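Trainee: I'd like to ask some things about the structure below.
The values are calculated or read from the model by the stated rules, or taken from the named source; none is laboratory data. Model, not experiment: these values are computed from the prediction. Heads up, the Cβs are rebuilt from the backbone with ideal geometry, glycines too, and the neighbour counts pull from every protein chain shown. Each accessible area value is taken on the protein alone, full model and side chains, heavy atoms only, with ligands, DNA and RNA left out. Shrake-Rupley method; radii C 1.70, N 1.55, O 1.52, S 1.80 Å.
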Amino acid sequence: MDKSVPLSASPVAVASPEWKSMVEHWSDKEIELIASRIKAVAHPLRLAMVCLLGDRELTVNEICQAIGTTQPNVSQHLSLLHDQHLLTSRKEANRVYYSIGDQRLGEIIGMLQGIYCA
């Protein structure tokens, strides 16, 4: 049974005048930047990491245990998210703690979950 929302029911299927106005003011560079950041979160493992971090910070090892994959794999994906400025990190002794760089990302993920997972 497919629970996906049909495109016609999607809030962006019919662009509102506000949406069109906003997009007209974006430069090609801004559109490319936004698309690359969305693409970074679109990978299932990276999306799981962003959801896991939520409003807290975790070490690489804590993320490995929660996600159930290896440290090199987690580190590679965290690095990509960090390079896209979606995560922040801080080092304490020999541990690196990661957190969401902008809490609006968590809000976006929550909205997507509400639309597509309800």
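Trainee: In µm²/s, what is D for the stretch 12-118 at 25 °C and 0.890 mPa s, where D = kT/(6 pi eta Rh) by Stokes-Einstein and Rh is the Kirkwood radius from Cα pairs?
Mentor: It comes out at roughly 161 µm²/s.
Trainee: Give me the accessible area per residue for the stretch 58-118, probe 1.4 Å, as a whole number in Å².
Mentor: It amounts to 65 Å² per residue over the stretch 58-118.
Trainee: Collect residues whose amide H, placed 1.01 Å from N in the peptide plane, falls under 5 Å from the amide H of GLY101; neighbours closer than 5 in sequence don't count.
Mentor: Correct list: LEU87, THR88.
Trainee: Taking amide H positions as placed in the peptide plane 1.01 Å from N, state which residues far from VAL96 in sequence (5 or more) or on other chains have amide H under 5 Å from it.
Mentor: VAL60
Trainee: Pull out the extension gain between LYS29 and THR70, defined as 0.36 nm times the separation in residues minus the alpha carbon to alpha carbon distance; nm, one decimal.
Mentor: Extra length available between LYS29 and THR70 comes to 11.3 nm.
Trainee: Between MET22 and ARG90, take the C-beta separation as r, use R0 = 30 Å, and let me know the FRET efficiency to the nearest 0.05.
Mentor: Taking R0 as 30 Å, the efficiency between MET22 and ARG90 is 0.30.
Trainee: What distance in nm separates the two pseudo spin-label positions at SER99 and LEU45, each 7 Å out from Cα along the beta-carbon direction?
Mentor: About 2.5 nm, to one decimal.
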